[in-house]
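Encoded as structure tokens, the structure appears first; notes follow it.
The values are calculated or read from the model by the stated rules, or taken from the named source; none is laboratory data. A quick note: this is a predicted structure, and the numbers were derived from the prediction, not measured. Neighbour counts are summed over all protein chains in view; Cβ atoms, including those assigned to glycine, are modelled from backbone coordinates with ideal geometry. Only protein heavy atoms, including side chains, enter the accessible area calculation; ligands, DNA and RNA are left aside. Shrake-Rupley method; radii C 1.70, N 1.55, O 1.52, S 1.80 Å.
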Amino acid sequence: MKKVLIIADPGVDDAFAIMYALLHPEIEILGIVCEYGNVSQDIALKNTTYLLGLAGRNDIPLILGADSPLTAAPPEFFYNIHGLHGLGDLVPAIEIPEYIHPFKMVYQLIEEHEGDLTIINLSRLTSLALTFIQAETNIKQVKQILVMGGAFFVPGNRTPVAEANIYGDPQAAKIIATYGGQVTFVPLNISNHAVISPEVTKKIVAQNDTPFSKIIQPIMNYYSKQYETLLPSINGAPLHDVTLFSYLMKPELFHVVDRQVLITTDGHSKGLTYADFRPNPEYIKNYPMHQIIIDFNIEAFIDDFIEIMSTTS
């Protein structure tokens with residue numbers, strides 16, 4: 001079993017990543033940190049509560065993450081892509097639980113599962129950065145950290161050079177890149193290709209007998225329509241966040257390189273992620289090396305997504 005702590009801001013693609021993790025027989029979710037990003041923290045909490053309720057997994061702790069960037073700048077949300085309530089036109093009739101675990105539970109989980117815990121960050125990097133700068137924990141006890149963020153060799157999706165998760169709190173991203181030693185970046189050059197077509201969605205729904213069977217089609221349809229306004233020829237929509245779980249479970253499908261990752265925090269290139277990809281890269285002394293995924297087997301990724309999302313109860 002892969003023991004994971006998820007940091008999320010659902011959001012349609014986060015929602016599918018959470019569904020995938022809940023359905024996967026070899027993934028054990030130890031907690032979900034809800035923070036701002038695609039939507040506000042309140043909506044992220046509601047949507048996560050809703051998904052866990054559908055799965056009958058209200059035993060999974062909800063943890064209160066960050067509600068704004070480290071600089072306290074106003075957060076930017078993307079309701080135009082994910083819908084006013086984060087799940088397309090779906091409005092979950094759900095209340096946030098009265099008790100949400102405080103952030104210190106992250107430190108407790110790291111201590112309890114030392115060397116066996118993977119942190120999967122699907123949202124802005126603010127909450128993750130807090131695990132680096134707070135004294136209560138030793139982030140080196142974490143087995144690995146997977147981050148959905150960055151753009152290498154491709155344009156950004158928030159600015160011409162910046163991916164949204166990095167741009168949303170570049171100071172937090174810089175902390176992680178500067179002090180993390182076991183971080184894998186899953187950037188846009190990978191996740192942009194994780195497109196789930198209407199045909200694939202229909203195939204999943206047709207053979208689906210999971211707690212999520214009624215919501216897969218409507219939220220994916222909404223998400224795809226929003227992407228078609230941006231990229232008319234896309235034929236579906238990319239499930240960026242699912243790629244992290246696919247890599248976790250089937251790393252052999254992905255091509256990974258080791259590089260130092262640097263972050264620009266201000267100016268016209270705010271949120272830029274860059275690395276030295278020359279044949280003989282120059283490295284910064286005492287700066288950590290990270291992993292960057294630069295390619296993957298798209299067909300195998302889609303087959304795996306179909307298999308897990310079609311799991312019968």
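Values for this structure:
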{"quantity": "Area accessible to solvent at residue 101, 1.4 Å probe radius, in Å²", "calculated": "50"}
{"quantity": "Anisotropy class of the chain from Cα gyration tensor, a/c 1.5 cut", "calculated": "rounded"}
{"quantity": "Extension gain from residue 289 to residue 58, taking 0.36 nm per residue of separation minus the Cα-Cα distance", "calculated": "79.4 nm"}
{"quantity": "Cβ-Cβ FRET estimate between residue 265 and residue 217, R0 fixed at 45 Å, reported to 0.05", "calculated": "0.65"}
{"quantity": "Cα-based shape type of segment 56-118, given that a ≥ b ≥ c are square roots of the gyration tensor eigenvalues and the cut on a/c is 1.5", "calculated": "oblate"}
{"quantity": "Residue 257 accessible area, 1.4 Å probe, all protein chains in place, Å² to nearest 10", "calculated": "30"}
{"quantity": "Under-5 Å amide H pairs with residue 27, H placed in peptide plane, nonlocal only", "calculated": "2"}
{"quantity": "Kirkwood-type radius of segment 166-238, with distances r between different C-alpha atoms, in Å", "calculated": "14.8"}
{"quantity": "Alpha-carbon spread of segment 193-313, three principal axes, descending order, Å", "calculated": "54, 33, 23"}
{"quantity": "Sparsely packed chymotrypsin sites (Phe, Trp or Tyr not before Pro) within segment 131-185, loop by DSSP, other Cβ within 10 Å at most 13", "calculated": "153"}
{"quantity": "Rounded to 5, percent antiparallel among DSSP beta bridges of the chain", "calculated": "30"}
{"quantity": "Overall form of segment 11-138 per C-alpha gyration tensor (a/c, 1.5; a/b vs b/c)", "calculated": "oblate"}
{"quantity": "Cα centroid of segment 267-313 to Cα centroid of segment 30-109, whole Å", "calculated": "25"}
{"quantity": "Length released on extending from residue 258 to residue 276, taking residue separation times 0.36 nm less the Cα-Cα span", "calculated": "5.5 nm"}
{"quantity": "Accessible area expressed per residue, the chain, with surrounding protein chains retained (probe 1.4 Å, Å²)", "calculated": "42"}
{"quantity": "Accessible carbon and sulfur surface of the chain relative to its total accessible area, %, 1.4 Å", "calculated": "51"}
{"quantity": "Intensity falloff of segment 234-296 expressed as log10 I(q)/I(0), Debye formula with alpha-carbon point scatterers, at q = 0.13, 0.14, 0.29 Å⁻¹", "calculated": "-0.52, -0.60, -1.16"}
{"quantity": "Separation in nanometres of the label points that stand 7 Å from Cα toward Cβ, at residue 71 and residue 206", "calculated": "5.0"}
{"quantity": "Area of residue 158 that stays accessible when all protein chains are in place (1.4 Å probe, Å², to 10)", "calculated": "80"}
{"quantity": "Nonlocal amide H pairs with residue 296, under 5 Å, H built at 1.01 Å", "calculated": "255"}
